[in-house]
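Visitor: I'd like to ask some things about the structure below.
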Amino acid sequence: MKKVLYILIATLVTTSCSVFQRYSRPEISTENLFGDSITTTDTVTIADIGWQEFFTDKYLQKLIEQGLQNNPDMQIAAQRINSAEATLRSAKLAFIPGFSFNPSYQASTAPSSSYSVPIVASWEIDITGKILNNKRSAQSAYEHSRLYRQSVQTSLISAITNSYYTLLMLDAQLAISRSTAASWKENVRIMKAMKLAGMTNEAAVAQTEANSLEIDASLLTLQYNIVKAENALALLLGTTPQHFERGSIHDQNFDIPLSVGTPSQLLSRRPDVRSAEKQLEQAFYATNMARGAFIPSLMINGSLDVASIFSELLASVAANLSATIFNAGSKQARLKIAKAEQEQALIAFKYTLLTAGNEVNDAIAKCQTARDKRDIRKQQITSLENAVNSTRQLMSHSESTYLEVLTAQQKLLSAQLSQINDKFDEIQGVINLYRALGGGVDSTEDISTLPKREKKSKR
């Protein structure tokens, strides 16, 4: 028996340090995470603004609230929290010894019989760290589930806003195209009158009619795209296809400073980055449990009797030690698997952070490019409007200028549609940047409300 205890003590000494070790974040570099072109030390970020204050369109606010309430992904995420919470509660209860009653009845020839109700206890002494690491893993899983919900929420808000502004863009393009279509119908009327007067030919009339019909066809395409965008929005809101009341893209103002804060802030703010780290933390504790499997477990089973407890303890040591030695190969394999999965989780964590930085850079570039185009596009449209007016006047006096009129009007329509696209790109860039920085956290459930870690074990 002494030999058994010596082996047990030696095993405990060599493994206990790693088994009870608490997770700590590995060295992660955030230098130039946003790219060389974006350097900042300012901790101010647009992600600090709640979505209710960031998106001020009253129609959009109602849609976001509806989506957060009814979106299936949000509902599933909420159920994941409930499941993880139950698992955590179960893991905490594992520290408490289990008690059961074993009543017995003994008949006797004497005037009275006897009853006995002994209390039978079952308690695993956590020298392997299995219970502790399981609890820590469950805690990480619970926090991961809440962060997952936050990640779903930020992505959902971004998707709803992008869908909403896509509709506003299509509405504006439809309005411009309808105005252009009416103008082209007037051109057709003029060209037919000029042909009757001998001022132009049938080819010019046919060309004008063809261009008018092409615009009419584009109107149908735009109308279909609007229906398709509304259906996509309805799916995000968890409702049936319908028309959604909305504003105008011309009333939207996102000309705000693109404050991004520091790259390191993504580690504490962006939900998917924090969620990836929680998965790494779970993998870390799984590795700890795999290491702890090499330590014989101690289980006390018996009634509340000192001699019985000691006897059960020695029996448990001997039995579990032989099992540990016999199954060393399979335990080694499980440890190797756990280490590999931990390394995979670390790679995924780093990649998630790298992806976040890439998204920030893309969003800034998209928004800034759209803003740089703004003045150029305005000047282009002014020039094309002058060209259309000039060529239209010439067309009334010369049969050789109808091609110039067609070309000028086509270019004007293209520039006007592009201007709407530029406006949408600017809005989309700001929205994407807001999400990339971790914006969209509900004020009623901030990341800071996550449960605190349990106090550091004295072990």
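Read the figures in this text as sums done on the coordinates, not as results from a lab. Just so we're clear, the structure is a prediction, and the values are computed from it rather than from any experiment. No Cβ is skipped: glycine too gets one built from the backbone with ideal geometry, and neighbour counts run over all protein chains shown.
Visitor: In what order do Arg371, Arg274 fall by count of nearby beta-carbon atoms within 10 Å, going from fewest to most?
Guide: In increasing order of surrounding Cβ atoms, one gets Arg371, Arg274.
Visitor: So, in nm, how far is label Glu245 from label Ser155 when the simple model puts each one 7 Å beyond its Cα toward the Cβ?
Guide: Result for the modelled spin labels: 3.2 nm.
Visitor: Another one. Quick one: net charge around Leu222, please, counting Lys, Arg +1 and Asp, Glu -1 for every other residue with C-beta under 15 Å from its C-beta.
Guide: Here the count lands on -2.
Visitor: Taking 0.36 nm per residue of separation and subtracting the Cα-Cα distance, what length does fully extending Glu85 through Asn386 add?
Guide: So the chain would gain 101.6 nm between Glu85 and Asn386.
Visitor: Could you list His243, His144 so that the one with the fewest beta carbons within 10 Å of its beta carbon is first and the one with the most is last?
Guide: Fewest to most other Cβ atoms nearby, the residues stand as His243, His144.
Visitor: Using 0.36 nm times the number of residues separating Ser414 and Val227, minus their current alpha carbon distance, what extension gain do you get?
Guide: 65.1 nm
Visitor: Between Glu209 and Ala182, take the C-beta separation as r, use R0 = 22 Å, and let me know the FRET efficiency to the nearest 0.05.
Guide: 0.90
Visitor: So, one more: Which FRET efficiency value, to the nearest 0.05, is calculated for Gln21 and Thr355 with the Förster distance at 22 angstrom and r the Cβ-Cβ distance?
Guide: After rounding to 0.05, the efficiency reads 0.15.
Visitor: Give, as a single signed number, the net charge of other residues whose beta carbon lies under 12 Å from the beta carbon of Lys411, with Lys and Arg counted +1 and Asp and Glu -1.
Guide: -2
Visitor: Evaluate E = 1/(1 + (r/R0)^6) for Ile347 and Asp255, where r is the Cβ-Cβ distance and R0 equals 41 Å; express this FRET efficiency to the nearest 0.05.
Guide: After rounding, the FRET efficiency stands at 0.55.
Visitor: Over all distinct Cα pairs, what is the inverse of the mean 1/r for region 143-233, reported as the Kirkwood hydrodynamic radius in Å?
Guide: Computed over region 143-233, the radius equals 16.2 Å.
Visitor: Report the gain in length on full extension from Asp362 to Glu65: 0.36 nm times residue separation, minus Cα-Cα distance, nm rounded to one decimal.
Guide: Taking Asp362 through Glu65 to full extension adds about 104.2 nm, to one decimal.
Visitor: On to the next question. For region 197-210, take each phi angle, set θ = phi - 60°, evaluate the Karplus expression 6.51 cos²θ - 1.76 cosθ + 1.60, and give the result in whole Hz per residue in order, putting x for glycine and proline.
Guide: Karplus values, whole Hz, x for Gly and Pro: 7, x, 8, 8, 10, 5, 4, 5, 5, 5, 5, 5, 4, 4.
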